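Colleague: My questions will all concern the structure given below.
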Amino acid sequence: MTPNELIKQLLLSYNNSDKETFLSAAREYIEREKRMKHTQVAKELEKALFNKNGSSSSFSERRFKNEMPIPRDSEKGFPLLEIKNYEECYENLIIDNELKAQLDQIIREFKDSDILATYNLSYKKKILLCGKPGTGKTYTAQIVSALLNIPLVHIRFDSIISSYLGETAFNLRKIFDYIEQGTWIVLFDEFDIIGKNRDDIHEHGEIKRVVNNFLQMMDNFNGNSLLFAATNHQHLLDPAIWRRFDDVLFYDIPDEFTRIKLFERFLKPLKREKNIDLGDISKRSEGLSPSDIKMIAIEAMKLSIIDSRDTLTQNDLLFATKRFLSREKLRKTSKGED
Ligand SMILES: Nc1ncnc2c1ncn2[C@@H]1O[C@H](COP(=O)(O)OP(=O)(O)OP(=O)(O)O)[C@@H](O)[C@H]1O
Ligand SMILES: [Mg+2]
């Protein structure tokens, strides 16, 4: 049978719950891969078809695995992760060319993981995202999930920390057990909790243990997913931690040119006056993050809409920028940053 015929048979037998035909088609497919010397692919497929004991898993077991309940904290009962589907255009992520090239490479490797496997090579599986707040770390995971059409499993690191000894490690175990059953884009967000708690020595020791635990589980991770971990306190991370990741993406504060692109992107919903000078607005917004720029753009558009004007003016933008900058100044003085 040709590969297409085999796949058709797999799908039909799955639909008819015809286990025997399903298994024989799957076996034939694997044998075919072996004959073509795609040893690694054949191995992976065998692993997928058979459970650890070497016996084939039943349809009902597989279905159950696919629909495994979302793991919850045993003490408080809240879900330890969230699964979401995103619809976002990859072009909406505005980052410099170097970073884009790095991200493109990660995506291409993930897409071609089967081919890499035939050479006994693995795609970049564990990616560290670092950079200041609002620069696009969480957004990147959402965009990649949308691009690859694979749901995003979002884990907020602070929410899995339990006050009960041992419970945190157990929570992590449950999360890894869950994600190993499927193919996901996974984001361990707020990984920077290590930084936030550095003043509290007791807490720091506990968090360090949790992070070590997390890294160990990540090292042993055997699934087919793409794992992201995000932090905005990368300077506090041990170099040993960096080495555990296959790649590190650094999100910088955007330069003047990138800021213009960001304004263009966020101002898209509204018509603009012909003489609008985004270069000028970009110069005034030095040091701001993409998320700050988004806020200014939204504020400016609202000024125009509420005024019953369907065209954005330079004044709207100037006003919104000034307002944002004075609010920032106030925030920084109150935090003693200035
Ligand atoms: N590089 C970017 N390109 C386009 N939009 C961006 C970019 N960065 C941020 N944004 C916009 O700002 C929002 C917030 O960004 P995001 O949540 O990704 O920041 P973050 O880096 O995860 O920050 P934090 O460290 O505070 O978690 C995004 O949902 C997106 O709309
Ligand atoms: Mg984030």
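The values are calculated or read from the model by the stated rules, or taken from the named source; none is laboratory data. Predicted, not measured: the structure shown is a model, and the values here were computed from it. Note that each Cβ is placed from the backbone with ideal geometry, even for glycine, and that neighbours are counted across all protein chains shown. Heads up: the accessible areas ignore ligands, DNA and RNA and are worked out on the full protein's heavy atoms, side chains in. Shrake-Rupley method; radii C 1.70, N 1.55, O 1.52, S 1.80 Å.
Colleague: Using only the alpha carbons, work out the radius of gyration and Dmax of the range 256-334 in angstrom.
Modeller: 12.0, 39
Colleague: Additional query: Could you please put Lys261, Lys335, Lys125, Lys37 in sequence from largest to smallest accessible area, using a 1.4 Å probe? Numbers along the way, then the final one.
Modeller: Working: Lys261 70, Lys335 130, Lys125 30, Lys37 155 Å².
Sorted descending by solvent-accessible area, the residues read Lys37, Lys335, Lys261, Lys125.
Colleague: A further question on this structure: Would you kindly derive the ³J(HN,Hα) couplings of the range 210-224 from the backbone phi angles with the Karplus curve 6.51 cos²θ - 1.76 cosθ + 1.60 (θ = phi - 60°), listing them in order in whole Hz, with x for Gly and Pro?
Modeller: Result, rounded to whole Hz: 5, 5, 4, 4, 4, 5, 5, 5, 5, 4, 8, 4, 10, x, 9.
Colleague: Could I ask something else about it? Quick one: net charge of Ile107's neighbours, Cβ under 13 Å, K/R +1, D/E -1? Show your work: numbers first, answer last.
Modeller: Numbers: positive: Lys100, Arg108, Lys111, Lys124, Lys125; negative: Asp104, Glu109, Asp112, Asp247.
Once positives and negatives cancel, what remains is +1.
Colleague: Once R0 is set to 30 Å, what does the formula 1/(1 + (r/R0)^6) return for the Cβ-Cβ distance between Lys47 and Asn212, expressed as a FRET efficiency to the nearest 0.05?
Modeller: E between Lys47 and Asn212, to the nearest 0.05, is 0.60.
Colleague: Give me the number: length gained by fully extending Phe250 to Glu31, i.e. 0.36 nm times residue separation minus the C-alpha to C-alpha distance, one decimal in nm.
Modeller: Numbers: separation 219, 0.36 × 219 = 78.84 nm, distance 4.33 nm.
Gain in length upon complete extension: 74.5 nm.
Colleague: Next up: Do the sum for the chain: with -39,500 (n - 2.57) for every DSSP H run of n ≥ 4, divided by all residues, what is the mean residue ellipticity at 222 nm, to the nearest 500 deg cm²/dmol?
Modeller: One gets -16500 deg cm²/dmol as the mean residue ellipticity at 222 nm.
Colleague: If you wrap a convex hull around the C-alpha atoms of the chain and split its volume per residue, what is the figure in Å³?
Modeller: Numbers: hull volume 66.8 nm³, N = 338.
That works out to 198 Å³ per residue.
Colleague: Tell me the accessible surface of Met36 in square angstrom (1.4 angstrom probe, heavy atoms of protein chains only), to the nearest ten.
Modeller: 90
Colleague: Only bridges with both residues in the chain count here: give the DSSP antiparallel percent, nearest 5. Please list the in-between numbers first.
Modeller: Values: 5 of 26 bridges.
Among the beta bridges of the chain, antiparallel pairing accounts for roughly 20 percent.
Colleague: Sequence gap at least 6, Cα distance under 8 Å: using those rules, report the relative contact order of the chain to the nearest whole percent.
Modeller: 17
Colleague: Have a look at the DSSP beta bridges in the range 82-251 and tell me what percent are antiparallel, nearest 5.
Modeller: Counting only bridges with both partners in the range 82-251, antiparallel ones make up about 15 percent.
Colleague: How big is the accessible area of Arg259 in square angstrom, nearest 10, if you roll a 1.4 angstrom probe over the protein chains?
Modeller: Answer for Arg259: close to 10 Å² accessible.
Colleague: Of Thr138, Thr2, which has the most accessible area and how do the rest follow, probe 1.4 Å? It would help to have the intermediate numbers written out before the result.
Modeller: Numbers: Thr138 45, Thr2 70 Å².
Greatest to least solvent exposure: Thr2, Thr138.
Colleague: Leaving ligands and nucleic acids out of the surface, order Lys174, Lys19 by accessible area at 1.4 Å, largest first. Display every interim value, and only then the final one.
Modeller: Working: Lys174 40, Lys19 75 Å².
Greatest to least solvent exposure: Lys19, Lys174.
Colleague: I'd like the accessible area for Asp307: 1.4 Å probe, protein heavy atoms, all chains in place, Å² to the nearest 10.
Modeller: We get 100 Å² for Asp307.
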